[in-house]
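First the structure, in the form of structure tokens, and then the observations on it.
The values are calculated or read from the model by the stated rules, or taken from the named source; none is laboratory data. Just so it is clear, the model here is predicted, and its values are computed rather than measured. Using ideal geometry, Cβ is built from the backbone for each residue, glycine included, and neighbour counts are taken over all protein chains shown. In case anyone asks, the SASA skips ligands and DNA or RNA and just uses the protein heavy atoms, side chains included. Shrake-Rupley method; radii C 1.70, N 1.55, O 1.52, S 1.80 Å.
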Amino acid sequence: MNGPSWFLQRFPALQSRQTVRAIGYILAAFVFVLLMTLIVALDTILPGRNAVATLAAGQIAPEDIRAPTSLTYISDVLTEQRQQAAAAGVNPIYAPPDPNVARQQIQLLQQVLDFISNIRLDPYGTVDQKIGDLGAITALTLDETVAETILQLDEETWRSIEGEMVNVLERVMRESIRESDLPLIIDMLPTQVSVRFNTQSVSLVTAVVADLLRPNRFPDPEATENARREAAERTPTESRSFERGQVIVRAGTRIDEADYEALLNFGLVDLPDRQSQLLLRAFLSSLIAVVSIGLYAARCRPELFDDPPMLGVLAALFLLHLMGTRLFSSGGQIYLFPAASLALLYVVLTTTDVAVVSVVSLGFLTGVMLNNSLEAAALVGVGGVIGALTLRRSERLNSYFVAGVMVAVVNIIVILIFATNISADDSDLGTRIVYGLISGVLTAATALAGLYLITVLLNLPTSLKLAELIQPSQPLLQRLLREAPGTYQHSLQVANLSEQAANAIGANAELIRVASLYHDVGKMLNPAFFIENQADGVNPHEGLNDPYRSANIIISHVPDGDRLARQYRLPARIRDFILEHHGTTLVAYFYNQALAQADDEESVDADQFMYAGPKPQSRETAIMMLADSCESTVRARKPANKQEISEIVGQIIETRMRDGQLDESDLTLKDIETARSIFIEMLQAVFHPRINYPSPPPPRLRTQEIPAEVATQVRAEAVHPPAPAVQEAEIPEAVEAPPPVVSRTQTVEMPPVAPNGDDDDSPLAEVPPLRRTKTNGQDHLPEENRDVSDRNTE
């Protein structure tokens, strides 16, 4: 049995894909930290030894230990102490009163009272036997006096006391009772008994009820722990400040954890071995950088962890830039190294905020490598942040050079700031300024070169790659235009819809537009089987008359498109759109056709009419799925008015949500509503039909110029116009549309006006004026004519 299989069988919990993935990320992060540690530790200058280098927490300071420089730092020790104090100050949290406790105790009281009544009514038992039986009740602790009182009561008085016991216990148990509240509540029991009872009866009621009282509120350990954790998290960090020469620890004072932390921050505590100190210092610095980036990504950009290859590229770029800062760290060459190019590359590959966090971490490590140099940290960190925030349109080459100029300006400003606090001759300052200018230019050039290499070698959907794929001259788009022109036009419309919706919800509009152009390339293999490519009413599906084969042809355009995408080396992210844009939906048209043809509906396998999926895994693919379905359905339905378009779009989106197609896409309800509004607005602009204006009645001709039979025919056609030709119903393409929406307003086509000869310039027949009404002395159109007038205005 090999090692990994045995290990997974020994620990079944590790067989979970998520668990294995998390372990893989942890191991990768650990390797990443080790590589960073090796790079940082190679060129780090350690602080010198001092007299207190071997001190540890708990020891006595042999002399006054003073701060060698001014320093302010966040004290983890003091912060933790404040957090512990804040957590300890949170009182235990109790759960709400449990009504089941009251019910159980009331039920127990009823059982006890029934048992006592049976003892009282026993005609054969002696008094001593009955007292002994009462003492045997485990739920009560009745003394002999109370037992005798119970036995001596007459039946009417006992029944009254029984009822009062139940009432008092129920009334008291309705309130919140904690364990610590029981003594006080028991002391107050006599006040709960009705005043109509005498002292003896009150004592009897109190004795029985007190034994049955139980707490109904209990501490909630989880809620208490959460409250204490929240209190600790809300506690602000504690910082400590020391001025140069200020005493950190007085002579003869025992060094506590806070003092030892201060000595560590000042570098006054030396490790026994210089190499060990160097490695530990580098390791901690690298760990802080990795944890900072990792926590930010996990909290704000969790989608990064869904793309391991991209994480590998980002890690490699970070290590290359860190190695570059080490190589350029001597002789003032750090001013020349284009470290800010890391921020520009991260902006293109991920997002601006990730680029900012990463370049700040790079600046921090650079400062550590250059002997805690704040100037080097500011040069790399601030320059990278400004470069990341300046690069807006990554698909334009001039944007990189604008960002490079801004980085050069920031470099010069940082150099001048720190030059005012150090002694440097003019030639040295001028050299560094020149280096800063060159670094800005190199930043833009390095970013472009790196982006080109990444695009070529890794085939990632960078801005350069997307700008290339969107060109109409691309071979695959040219082939789509030639072989499936209808699909090409459909893809353009889907791209427009998807891009506008993506912009509105903050998704990647550039990616979704390019992917929309390629999402239906698989239709090229069987273009005539898709309605947008059918001409002259020829539908090959009618010739097949086989819903199974038709559905297979429709569904196969997804795997066919994926194969074409691989053949033309489209990025994997583009292929995700091809595979996910239909999700796991059903080709309902042919499925219903198969049901109609089958003798037994249960013999029809719905899986044969369903796309293989997967469902959309991102906001972008989900938006494109909705845009694709809405555009194709509206085009197939040919709605008569804007209201029908709105209803069709709403039905499509509601169907996708009901089928769970959007469950894995991270789309919010707000995102879906925004996309719906944009789809309706754009589709109404594209598919809004023109109004069929009624034709005027035929002109009145003199009877002597027209034969009687011709005049009769003209009148008949004017009264009963010929019905317009009904177009053959179209078959929706890949996704069956919802049931057609019935138009609320139908326009009847009027018979055409008979031409007055062959001259096109002949005047039209006279149209009678619209009837008007008068209100308050003003002319108004009637409602039925006003609608026509408004449509004419449109």
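Numbers at a glance
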quantity: Evaluation of Ser180 against (1) among the small types (Gly, Ala, Ser); (2) more than 30 Å from Pro99 (Cβ to Cβ); (3) open to solvent by 80 Å² or more (accessible area, probe 1.4 Å) (one fails), failing number; calculated: (2)
quantity: Unmet requirement for Ser329, which otherwise passes all of (1) assigned to a helix (DSSP H, G or I); (2) in contact with a Leu (Cβ under 8 Å, 6 or more places away or on another chain); (3) touching a residue at least 40 places away in the same chain (Cβ under 8 Å); calculated: (1)
quantity: Residues of the stretch 464-488 satisfying the condition of being open to solvent by less than 70 Å² (accessible area, probe 1.4 Å), modelled with pLDDT of 90 or more and not aliphatic (A, V, I, L, M); calculated: Gln474, Gln478, Arg479, Pro485, Gly486, Thr487, Tyr488
quantity: Filtered residues of the stretch 635-673 (kept if crowded, with 16+ Cβ neighbours inside 10 Å, of a type in the set (S, T, N, Q) and modelled with pLDDT of 90 or more); calculated: Ser646, Gln651, Thr655, Gln661
quantity: Check on Ala355, assigned to a helix (DSSP H, G or I) and within 26 Å of the chain's Cα centre (by Cα); calculated: yes
quantity: Within the stretch 370-382, tally of residues that are crowded, with 17+ Cβ neighbours inside 10 Å and of a type in the set (S, T, N, Q); calculated: 1
quantity: Residue count, the stretch 529-547 (criterion: among the β-branched types (Val, Ile, Thr) and open to solvent by 40 Å² or more (accessible area, probe 1.4 Å)); calculated: 1
quantity: From Asp114, Asp133, Asp128, residue being over 19 Å from Phe197 (Cβ atoms), surrounded by 12 or more Cβ atoms within 10 Å (Cβ to Cβ) and not small (Gly, Ala, Ser); calculated: Asp133
quantity: Which listed residue, of Asn526, Asn503, is within 23 Å of Val649 (Cβ to Cβ) and open to solvent by 10 Å² or more (accessible area, probe 1.4 Å); calculated: Asn503
quantity: Matching residues, the stretch 34-63, being at negative phi, in a loop (DSSP other than H, G, I, E, B), open to solvent by less than 50 Å² (accessible area, probe 1.4 Å) and at pLDDT 50 or above; calculated: Val52, Ala53, Leu55, Ala56, Ala57, Ala61
quantity: Those residues of the stretch 83-92 which are closer than 26 Å to Thr237 by Cβ and open to solvent by less than 100 Å² (accessible area, probe 1.4 Å), in sequence order; calculated: Gln83, Ala85, Ala86, Ala87, Ala88, Gly89, Val90
quantity: Selected residue [touching a residue at least 40 places away in the same chain (Cβ under 8 Å) and of a type outside the set (Lys, Arg)] from Ser399, Ser373, Ser358; calculated: Ser358
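Conditions (1) in contact with an Asp or Glu (Cβ under 8 Å, 6 or more places away or on another chain); (2) at pLDDT below 80; (3) outside any helix (DSSP H, G or I); (4) open to solvent by less than 30 Å² (accessible area, probe 1.4 Å), marked per residue:
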| position | (1), (2), (3), (4) |
| --- | --- |
| Pro236 | no, no, yes, no |
| Ser239 | no, no, yes, no |
| Arg244 | no, yes, yes, no |
| Ala262 | no, no, no, yes |
| Leu271 | no, yes, yes, no |
| Ser276 | no, yes, no, no |
| Leu287 | no, no, no, no |
| Ile293 | no, no, no, no |
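Residues are listed down the side, and each one gets a yes or a no for (1) without any contact (Cβ under 8 Å) to a residue 60 or more places away in the chain; (2) assigned to a helix (DSSP H, G or I); (3) within 39 Å of the chain's Cα centre (by Cα); (4) surrounded by 15 or more Cβ atoms within 10 Å (Cβ to Cβ):
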residue: Val368; (1), (2), (3), (4): no, yes, yes, yes
residue: Gly384; (1), (2), (3), (4): yes, yes, yes, yes
residue: Gly387; (1), (2), (3), (4): yes, yes, yes, yes
residue: Arg392; (1), (2), (3), (4): yes, no, yes, no
residue: Leu437; (1), (2), (3), (4): yes, yes, no, yes
residue: Thr446; (1), (2), (3), (4): no, yes, yes, yes
residue: Pro461; (1), (2), (3), (4): no, no, yes, yes
